Amino acid sequence: MSSGEDPFDLASIITAHDDGNFADAVVPPIFQTSLFTFSDYDEMITVYRGEKVRPTYTRGLNPTVRAFEEMLAKLEGAEDALGFASGMAAISSSVLSFVEPGDRIVAVKHVYPDAFRLFGTILKRMKIEVTYVDGRDEEAVAKALPGAKLLYLESPTSWVMEAHDVGALAALAKRHGVVSMIDNSWASPFFQRPLTLGVDLVIHSASKYLGGHSDVVAGIVAGSKEMIARIKAEAYPYLGGKLSPFDAWLLIRGLRTLPLRMRAHEASALEIARRLQKLEVVETVCHPGLANRLPAGLNGTSGLFSFIFRDGVDIRAFADHLKLFKLGVSWGGHESLIVPGEVVLQQKAQPNSAQTFGIHARSVRLHVGLEGTEALWRDIEEALAAASQS
Ligand SMILES: *Cc1c(COP(=O)(O)O)cnc(C)c1O
């Protein structure tokens, strides 16, 4: 199911910003500066009057950050984009720009846990209600939408990896005059471009595949000029979760190889998922690529999936015997990772994780990195042998 070729303009990200600016540098420089001075009083006043747009202070506008925003906007087919200091900063600022006290949000079940917690704490205190629906059940979504302000999507969902028909859900939102927003971190724009499916705003934790090397925490939102302007007007400057110039520079570097990395993550993860599915000790593999077909608009699959062991496997021994798969949260980098569900279920901040996020006690989540399919499979086989002996 490896495609991603179609509307994705690889050449444009390879050559982005090699456009004669900055002494013809192939890579945009890092504008590691908090402020930009004016040549004279006249220039300053034209900028203050809004007659000229140029950087004055990095929390507002920084050329390196802007270069990343323009690249990502292009990849998502958006008019504009805004970079943030984390995925959660992008999510909170974007959501808060479209709701106020008394409003209701419809969200799909099993969203990223910290988005769920944002909804259940700060938004709850602001009297913003959230209705959770199964994103696979379009009738349930349609029923929940009337009177709502925002439809919050994530597909596939965290951990259980339910893939939704994003275009159909976006159309429902449009019909009810509801703004739609999606967390597209899992697929990346290489495999899913939600704006082309009718979603209004697309958000990424850039800490995952956009950066791709586990060295940045960042976020971004992309959409129409009008909607991005709304976020830019208040939440972006006043909550102040601005992406830093150096992190933006790392993200630009990451984007250049996004298609190559995504193809490699897809191939290895899908092969490992298929092999796991055949094992006696595995009950279920949750990987959208194992279904007969992917939902319309999802053009491939990435490296993150989960599976459930049958009773009797020592998951602690399995995790401890893995050498290439390291125990660690997050994902989207070059390295392979494992998170055992039984560990997440012990988390004090979220005592109901099993019900809330669909996390099975015998499940493990894998992120398949770039180490190579056969080496990773050998690692799994050796760990399984150790886990079955003990
Ligand atoms: C990591 C993650 C986030 C949050 O991003 P941060 O950069 O860690 O703030 C949001 N959504 C998904 C699906 C994630 O995996």
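The values are calculated or read from the model by the stated rules, or taken from the named source; none is laboratory data. None of these values were measured; they are calculated from a predicted model. Using ideal geometry, Cβ is built from the backbone for each residue, glycine included, and neighbour counts are taken over all protein chains shown.
Quick notes on this structure:
- Scanning region 183-212 for residues that are in a loop (DSSP other than H, G, I, E, B) and within 14 Å of the ligand (Cβ to nearest atom) gives Asn184, Ser185, Trp186, Ala187, Ala206, Ser207, Lys208, Tyr209, Leu210, Gly211, Gly212.
- Ala85 being closer than 25 Å to Thr301 by Cβ, modelled with pLDDT of 95 or more and within 16 Å of the ligand (Cβ to nearest atom): no
- Taking region 193-202 as the range and being closer than 21 Å to Gly332 by Cα and touching a Pro at 6+ places or on another chain (Cβ under 9 Å) as the test, the residues that pass are Arg193, Val202.
- Hits in region 103-128 - residues which are assigned to a helix (DSSP H, G or I) and within 16 Å of the ligand (Cβ to nearest atom): Pro113, Asp114, Ala115, Phe116, Arg117, Leu118, Phe119, Gly120, Ile122, Leu123
- Lone qualifier among Glu371, Glu382 - being out of contact with any helix residue (DSSP H, G or I) (no Cβ under 6 Å at 6 or more places or on another chain), among the acidic types (Asp, Glu) and within 30 Å of Pro189 (Cβ to Cβ): Glu371
- Boolean, Thr131 is over 21 Å from the mean Cα position of the chain (by Cα), within 16 Å of the ligand (Cβ to nearest atom), surrounded by fewer than 23 Cβ atoms within 10 Å (Cβ to Cβ) and farther than 30 Å from Leu370 by Cα: no
- Of all residues in region 345-367 being hydrophobic (A, V, I, L, M, F, W, C) and touching a Phe, Trp or Tyr at 6+ places or on another chain (Cβ under 8 Å), the one that is nearest to Ala206 (Cα to Cα): Leu366
- Unique match (being surrounded by 15 or more Cβ atoms within 10 Å (Cβ to Cβ) and not assigned by TED's automatic domain parsing to the domain that holds Ala163) among Arg263, Arg293, Arg316: Arg263
- All positions within region 213-241 that are away from the ligand (no atom under 14 Å from the Cβ) and in contact with a strand residue (DSSP E or B) (Cβ under 8 Å, 6 or more places away or on another chain): Ala222, Gly223, Ser224, Lys225, Met227, Ile228, Ala229, Ile231, Lys232, Tyr236
Per-residue answers, yes or no, for (1) among the hydrophobic types (A, V, I, L, M, F, W, C); (2) surrounded by 18 or more Cβ atoms within 10 Å (Cβ to Cβ); (3) farther than 24 Å from His265 by Cα:
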residue: His321; (1), (2), (3): no, yes, no
residue: Leu337; (1), (2), (3): yes, yes, no
residue: Leu345; (1), (2), (3): yes, no, yes
residue: Gln355; (1), (2), (3): no, no, yes
residue: Ala361; (1), (2), (3): yes, no, yes
residue: Leu366; (1), (2), (3): yes, yes, no
residue: Glu371; (1), (2), (3): no, no, no
residue: Arg378; (1), (2), (3): no, no, no
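Residues are listed down the side, and each one gets a yes or a no for (1) in contact with a Lys or Arg (Cβ under 8 Å, 6 or more places away or on another chain); (2) away from the ligand (no atom under 16 Å from the Cβ); (3) part of a loop (DSSP other than H, G, I, E, B):
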site	(1), (2), (3)
Gly135	yes, no, yes
Ala140	no, yes, no
Lys143	no, yes, no
Gly147	yes, yes, yes
Leu153	no, no, no
Thr157	yes, no, yes
Glu162	yes, no, yes
Gly167	no, yes, no
Lys174	no, yes, no
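- Residue selected from region 49-66 under the condition in contact with a strand residue (DSSP E or B) (Cβ under 8 Å, 6 or more places away or on another chain) and not in a loop (DSSP other than H, G, I, E, B), by the criterion surrounded by the most Cβ atoms within 10 Å (Cβ to Cβ): Val65
- Some residue of region 338-346 being within 16 Å of the ligand (Cβ to nearest atom) and in a strand (DSSP E or B): yes
- Residue identified as crowded, with 24+ Cβ neighbours inside 10 Å and either under 20 Å from the mean Cα position of the chain (by Cα) or at pLDDT 95 or above (or both) among Leu279, Leu201: Leu201
- Pairs with Cβ under 6 Å, 6+ apart, first in region 205-228 and on the phi < 0 side of the Ramachandran plot and of a type in the set (A, V, I, L, M), second within 12 Å of the ligand (Cβ to nearest atom) and at pLDDT below 95: none
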